[in-house]
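Worksheet for the structure shown next.
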Amino acid sequence: MLTDVDELRKEETYMALVNCPECGKERVSDSAEACPECGFAVKLYYDKIRYEAEQKAQKELQIAREEKNQKAKARKKKYIINKLFGSPLKKIFWGLAVCGLACLCVFAGIYAHNEKEISKAIEYSCDSFDDLQVAIPQFHKYFDDFYYLQEPGRKPTLMEKEQMEGIENALIEINRNVRLIDNCCIVNERVSNSLNKYISSKTTYKSWEEYKQFIAKNYLVAETPQKSADYFIKQRTYNSLEELWEARDSKSLIVQSYSGYSKGNYFIVSGTVKNNTPSTVRFVVVKIELIDGNGNVFDSDTTYAVGEEGISPGNSAKFECYLDDDRNIEKYSASIFSYR
């Protein structure tokens with residue numbers, strides 16, 4: 001099949017004799033280099049015309065092909081659309097599919113949001129429980145530092161006022177963390193389960209509800225933290241410092257007993273630490289001090305009674321510390337230096 005360009009070339013083979021474009025001389029060959037009459041470049045002239053005509057024909061042919069391809073693509077697209085959406089049933093199907101996909105995206109977003117909220121609630125509840133474990137010892141410190149009942153007709157001293165405020169603030173902090181944990185547990189059952197596992201790893205209690213009963217029985221004994229503070233302040237009944245320290249030891253981490261002896265070049269102090277707090281304590285450090293005849297400390301050292309494994313409430317751990325033996329040793333002491 002001949003193209004338009006081929007037709008043009010075929011037609012041109014019959015146009016051998018032409019009139020000179022310059023002088024009009026007849027029967028001049030279009031392939032002649034120059035007109036015999038005027039010398040005009042006939043061949044170059046007609047080569048240029050043929051070239052321009054060929055370029056124009058090729059351009060028109062390319063445009064025609066592109067239009068043909070575009071029409072073919074449009075027909076194919078229309079065919080696919082008609083095949084997929086042509087009937088009312090197909091339109092209903094695709095409408096439902098789009099709605100289903102949109103619902104799936106919405107549910108996925110809601111699920112991701114809920115999972116994020118649950119993770120935040122778990123972390124927040126455990127952090128609040130740790131804050132609660134800090135507030136309880138603070139309460140005991142202020143409570144035990146408030147040494148005696150107010151005498152009738154005497155205003156409390158500045159120190160006593162500070163201890164009373166400390167008692168109230170500690171109870172407010174305890175109450176705040178209890179409420180925060182309760183709010184976290186409402187989010188999802190998984191929060192409660194995670195918190196219960198966390199509490200079991202930190203204390204002897206098995207669940208938050210069990211631990212909350214302990215808080216209600218021993219700290220939040222009235223309708224508000226302020227009334228609870230009033231109750232504890234009015235219930236101060238220690239008759240002596242000995243009674244105070246005995247009460248404090250019953251709720252603290254203490255050195256239960258210790259003894260020392262010389263062996264070779266060392267003076268060895270060993271003893272037992274007991275955990276009377278409601279929580280497991282870890283990394284317990286005991287400080288040993290050597291005292292001379294004038295009551296001055298001339299040497300000291302520290303040793304671990306327990307590390308990461310911890311001491312659970314009501315249990316004990318042993319310690320032993322080696323110091324350089326010295327003939328100036330008259331007394332020695334062992335006390336809790338730090339713990340977590």
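Over 31 Å between C-alpha atoms is what I'm after, so list which of Lys56/Lys78; Lys251/Lys318; Lys202/Lys331; Lys202/Lys227; Lys206/Lys227 land there.
Beyond 31 Å: Lys56/Lys78; Lys202/Lys331.
Taking the Cβ of Gln226 as the center, what net charge do the other residues with Cβ under 14 Å away carry, scoring Lys and Arg +1 and Asp and Glu -1?
Computed value for this residue: -2.
Could you tally the net charge around Arg176, taking each other residue with its Cβ under 15 Å from the Cβ of Arg176, Lys/Arg +1 and Asp/Glu -1?
Here the count lands on -4.
Accessible surface of Cys38 in the full protein assembly, 1.4 angstrom probe, to the nearest 10 Å²?
60
Can you check what the net charge comes to around Ala305, using other residues whose Cβ is under 15 Å from the Cβ of Ala305 (Lys, Arg +1; Asp, Glu -1)?
Summing Lys and Arg as +1 and Asp and Glu as -1 gives +1.
Would you please classify the overall shape of the stretch 266-334 from the alpha carbon gyration tensor, given that a ≥ b ≥ c denote the square roots of the eigenvalues, rounded means a/c under 1.5, and beyond that prolate means a/b larger than b/c while oblate covers the rest?
Prolate.
The values are calculated or read from the model by the stated rules, or taken from the named source; none is laboratory data. Bear in mind that the values here come from a model prediction, so they are computed numbers and not experimental data. Every residue, glycine among them, receives a Cβ derived from its backbone with ideal geometry; neighbour counts consider all protein chains shown. Note: areas computed on protein heavy atoms with side chains; ligands, DNA, RNA excluded. Shrake-Rupley method; radii C 1.70, N 1.55, O 1.52, S 1.80 Å.
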